[in-house]
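To start, the structure under review is shown below, and the notes come after it.
The values are calculated or read from the model by the stated rules, or taken from the named source; none is laboratory data. Everything numeric here is computed off the predicted structure, so don't read it as measured data. Because the Cβ atoms are built from the backbone with ideal geometry, glycine has one as well, and the counts that use them run over all protein chains shown.
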Amino acid sequence: MFLSRRLRGFYAFAAAWSFNPTRGLWILYLVHCHWTLFEVGLAEAGFHVVAFVAEVPTGLFADRRGRRASLGMGLLIHAITALMTFYLAPLNIFLGIISVALGALAWAFIGGAEQALLYGLIEEVYGQAAYGRIYGRVLAFELLLAALSTALGGWLAVRDGWSWPFVLAAIAALIGIIAVRTIPEYLPEPIRSPSWSGLWENIGLALRVSGHKPGLRRWAVLGSALGAFVTINNLYAQSTLVLKGAPIGMATMVVAAAGIVTAAGSFVGGQTVHRDYLGWGTALLALAIASIGLLPLGGAGGAYLAAAGLDGCIDPLYEARLNQVAPERFRAAILSLPSAGFSLLMIVLFPLAGWAMTEHHLRAVYLVMGLGLGITATGFHAAVPPRGPRTVNGTDPL
């Protein structure tokens, strides 16, 4: 019961952050505003440039100023940039690209801080082994709410126009700032520095710490590859299914179903985090992604759903293992390293994949993604022996 009360505020924050009716609509809105797909690609590339630059500094902000402060800052930026995108994108391409790109700051401020704060709240009372189980439940909750809010956004856009999804996203983010204030802060050993003049020194220190921890940088590389290949797969899923002959309505239903499958996988992954399936699970995920491009429509749809479920199962285990080896003092900064690597890969791979698909190299794109993920996972597991999380005495905190 004690931990449930501690997590109540965190679940409220997670609900506000996940409730984003624009999640599946922002590209369609930009196209509605007469943007070309190339211009949309520029906005997405700008998003990842900002994310890459901001990931580690915002992680240091969370470690120094408090993780709740970082969550609040991210939610405020999310509210502002949602409204900026809605109002500025129809007026000017340049201003629209800036609005989308600045939205990456919200993800940067929230990413590492969210995981570090949740880990601290759980580890303080129940130990490391409880984290994967609870993280899986929180992630499943977030994914389900994201899927529902996306469906709501589509319904509102068709029924009442484009403004409501963006306005509701901003309102939810502002409510989330209030929810953040109810979360207990967990920062037992803050980094003390008199000013931001030592920011880059702190970043360098965090990177050196990551280099001294066995396998920590390899964990960051694996997380970067997982994030990039899974995200490219998800962003191009609807277009891929349509190119293979699916009606737009059917493709949309498959993508929505994949969100539910991912949520279910996250719940299952959280409950089975004590098992060591990261190696063969990643191999199956790589095979599923490659199969999307190689198989006809029916098989591609099934492979996409399988990839969604595997991604959900792997995520809690990966996060639990990464948190085990990350020192508390630099936890948020180190947890930002995979996100920074992910953004760097997306800057290069996302437009390259789009160009290749435009040139009718669909099969090659998915085959390369599957091989890339498989090779990365093989190299990682050859260098880092599998190790399960330590057991902890006590009952299920939920």
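Checking every residue in segment 333-345 against the condition of being at pLDDT 85 or above and assigned by TED's automatic domain parsing to the domain that holds residue 373 gives at least one match.
Residues checked against (1) touching a strand residue (DSSP E or B) at 6+ places or on another chain (Cβ under 9 Å); (2) of a type outside the set (Asp, Glu); (3) more than 20 Å from residue 153 (Cβ to Cβ); (4) modelled with pLDDT of 85 or more:
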site: 220; (1), (2), (3), (4): no, yes, yes, no
site: 226; (1), (2), (3), (4): no, yes, yes, yes
site: 232; (1), (2), (3), (4): no, yes, yes, yes
site: 248; (1), (2), (3), (4): no, yes, no, no
site: 251; (1), (2), (3), (4): no, yes, no, no
site: 259; (1), (2), (3), (4): no, yes, no, no
site: 270; (1), (2), (3), (4): no, yes, yes, no
site: 280; (1), (2), (3), (4): no, yes, yes, no
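Restricting attention to segment 285-332 and to residues that are modelled with pLDDT under 80 and outside any helix (DSSP H, G or I), the residue that is surrounded by the fewest Cβ atoms within 10 Å (Cβ to Cβ) turns out to be 327. Filtering segment 229-268 to residues that are under 15 Å from the mean Cα position of the chain (by Cα) and hydroxyl-bearing (Ser, Thr, Tyr) leaves 231, 262, 266. Among the residues of segment 78-96, some residue qualifies, meaning at least one is within 17 Å of the chain's Cα centre (by Cα) and closer than 25 Å to residue 137 by Cα. Residues in segment 90-147 that are of a type in the set (A, V, I, L, M), without any contact (Cβ under 8 Å) to a residue 24 or more places away in the chain and either closer than 22 Å to residue 264 by Cβ or assigned to a helix (DSSP H, G or I) (or both): 95 only.
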